[in-house]
Amino acid sequence: MSALQQSQVLAGTLNIGAGQSPAMEIIMQVIDQIAQAHPQVRFNLIDGNADQIEAQVNNGSLDFGVIMGERPLSNFASLTLPVQNEFVAVFSDQLPLAEKTVVTPADLIAYPIITSNQTLVSDKFRAWWGPVLPHLHQLMGANLAYNASLLAKQGHAVQLTYSHLLNLADQHLIARPLSPTVTDTNTVIWQANGRLTNLGRHFLQTLQTVVAAQGPDQARVNAKEN
């Protein structure tokens, strides 16, 4: 039995940076499990995009980060979560696009577009747009899906964001899948050469257990951890 398992008290604060994704439910499940067993523990959840979160994990202001998308992570220890994000087009239910079952790049030429501020998301969509790219009106970049949806709600712009992030019915918004499909992975990162606290190690052990329960080989960790 480890020293952590032998200890009856686990305390401290864990700082976690994350973007918005349905995969965060796994992180919240882990936090809830730890909080129920160790009420002295506190968590700080800091919103941000992947670029910001990588920088803060690297400088030590975050213990863990949850980032979305395929990114070069050789400088971090990491654990890939067993949930992928699918991008959808979100827009007013009064737009002609509502008649379509899927949305293609050509369908969006007539509309102002709201996208993520992340550089690698722009790169991912550059391939998806293809020859349509020079004809687009890319109106706004945003980090938080809800804030951006308030612009889409005005009835003119189309937001490209992850599925299942927004309560669309109350906003008179609808979502349509993209064709071809565009997806992102979700990855937990931490300092490759940093020393985790007892709380940090317990968080990681609990996360590995939860992830492993969702499928075989899902709890494999990048070997750079200490």
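In terms of solvent-accessible area of protein heavy atoms at a 1.4 angstrom probe, what is the ranking of Val158, Val83, Val41, highest value first? Let's see the in-between values first.
On the way: Val158 0, Val83 40, Val41 20 Å².
Ranked from most to least accessible, the order is Val83, Val41, Val158.
Just check the range 9-52 against the gyration tensor rule for me: Cα atoms, a ≥ b ≥ c as the square roots of the eigenvalues, rounded for a/c under 1.5, and otherwise prolate or oblate depending on whether a/b exceeds b/c. List each step's numbers first, then the result.
Numbers: a/c = 4.23, a/b = 1.71, b/c = 2.47.
Oblate, since a/c reaches 1.5 and b/c is not below a/b.
Computed FRET efficiency, Cβ-Cβ of Met140 and Asn75, R0 30 Å: what is it to the nearest 0.05?
Numbers: r = 31 Å, r/R0 = 1.03.
So, using R0 = 30 Å, E works out to roughly 0.45.
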If I fit a long axis through the Cα atoms of helix 119-129 and take the longest principal axis of the Cα atoms of the chain, what angle between them do I get, 0 to 90°, rounded to 10?
40 degrees
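What percent antiparallel are the DSSP beta bridges of the chain, to the nearest 5? Mind showing how you got there, number by number?
Details: 21 of 39 bridges.
Within the chain, antiparallel bridges account for around 55 percent of the total.
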To the nearest 10 degrees, the tilt of helix 24-37 (Cα long axis) against the first principal axis of the alpha carbons of the chain is 30 degrees
A 1.4 Å probe over the protein heavy atoms gives the range 1-159 a carbon and sulfur accessible-area percentage of 50 percent
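Within 10 Å of each candidate Cβ there may be at most 16 other Cβ atoms; applying that plus a DSSP loop requirement, which chymotrypsin sites (Phe, Trp or Tyr not before Pro) in the range 114-223 survive? It would help to have the intermediate numbers written out before the result.
On the way: sites: Phe125, Trp128, Trp129, Tyr146, Tyr162, Trp190, Phe203; in loops: none.
When the chymotrypsin sites (Phe, Trp or Tyr not before Pro) of the range 114-223 are filtered for loop state and at most 16 Cβ neighbours within 10 Å, nothing remains.
In debye, nearest 20: dipole of the chain around its Cα centre with unit charges on the Cβ of K, R (+) and D, E (-)? Before the final figure, lay out the partial values.
Details: 11 positive and 16 negative charges, 67 e Å.
In total the dipole reaches around 320 debye.
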Sites Gln29 and Ala98, calculated FRET efficiency, Cβ-Cβ separation with R0 41 Å, nearest 0.05
0.75
Coil-residue GluC sites (Glu not before Pro) of the range 34-138, DSSP, other Cβ within 10 Å capped at 10
none
Regarding the range 107-194, what is the average projected area of its C-alpha convex hull, in nm²?
7.1 nm²
Determine the per residue accessible area of the chain with all protein chains present and a 1.4 angstrom probe, expressed in square angstrom.
51 Å²
In degrees rounded to 10, the 0-90 angle between helix 50-59 Cα long axis and the longest Cα principal axis of the chain is 20 degrees
Would you kindly find the accessible area of Met24, with a 1.4 Å probe and non-protein molecules such as ligands, DNA and RNA excluded, rounding to the nearest 10 Å²?
20 Å²
Give me the percent of accessible area attributable to carbon and sulfur for the range 167-207, probe 1.4 angstrom.
47 percent
Label point distance in nm, Ala106-Ser163, each placed 7 Å from Cα along Cα→Cβ:
2.4 nm
Report the accessible area of Phe87, computed with a 1.4 Å probe over the heavy atoms of all protein chains in place, in Å² rounded to the nearest 10.
10 Å²
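The values are calculated or read from the model by the stated rules, or taken from the named source; none is laboratory data. Worth saying up front: this structure is predicted, and the values here are computed from it rather than measured. Cβ coordinates were reconstructed from backbone atoms using ideal geometry, including for glycine residues, and neighbour counts include every protein chain displayed. In case anyone asks, the SASA skips ligands and DNA or RNA and just uses the protein heavy atoms, side chains included. Shrake-Rupley method; radii C 1.70, N 1.55, O 1.52, S 1.80 Å.
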